[in-house]
Amino acid sequence: MELRPALDSIGKALLLRIYLALSEIEHADFIEHYGPLQDRLNIEGLKRRGFGADEIAALRRAYKLIYKSGLTLDEARAALKEARDEARALGREADTAEREARRARADAEKAERRVAEAEERLARLRR
């Protein structure tokens with residue numbers, strides 16, 4: 001039975017998702033045979049629900065990796081896990097760099113205050 005025509009409306013796609021969830025058919029097997037239930041992300045809906053540009057970009061990359069890359073589902077999962085781990089590592093590095101920058105700014109402000117105090121003392125001595 002060809003299911004693609006049945007996927008033309010949102011309601012039918014939702015019913016098909018429910019059927020797949022309740023049946024013994026593996027979603028991954030269905031996707032491999034018939035393709036994804038949606039051909040794109042609902043970007044406007046994500047924006048209305050408060051998703052930011054970075055989050056939407058991450059969802060787009062994940063969608064492309066899962067549905068458009070030609071990888072098997074297990075390979076796509078592994079790639080997503082690797083990308084997540086890399087992002088976490090980069091986030092930790094960014095946090096460390098930010099803390100170091102704050103410390104450097106604080107040290108620079110202290111040095112500027114010391115210079116100003118020294119200049120004031122020198123000015124008082126010259127009077």
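Things to note:
Table: residues versus (1) part of a helix (DSSP H, G or I); (2) aliphatic (A, V, I, L, M); (3) within 17 Å of Asp54 (Cβ to Cβ).
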| site | (1), (2), (3) |
| --- | --- |
| Glu86 | yes, no, yes |
| Asp95 | yes, no, yes |
| Ala101 | yes, yes, no |
| Asp107 | yes, no, no |
| Glu119 | yes, no, no |
| Ala123 | yes, yes, no |
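- When the stretch 66-84 is filtered for residues that are part of a helix (DSSP H, G or I) and either surrounded by 12 or more Cβ atoms within 10 Å (Cβ to Cβ) or in contact (Cβ under 8 Å) with a residue 12 or more places away in the chain (or both), the ones remaining, listed by number, are Ile66, Tyr67, Leu73, Glu75, Ala76, Arg77, Ala78, Ala79, Leu80, Ala83, Arg84.
Rule-based calculations on the coordinates, nothing more; no lab input. Note that this is a predicted model, so its numbers are computed, not measured. Note that we place each Cβ from the backbone using ideal geometry, even for glycine, and neighbour counts take in every protein chain shown.
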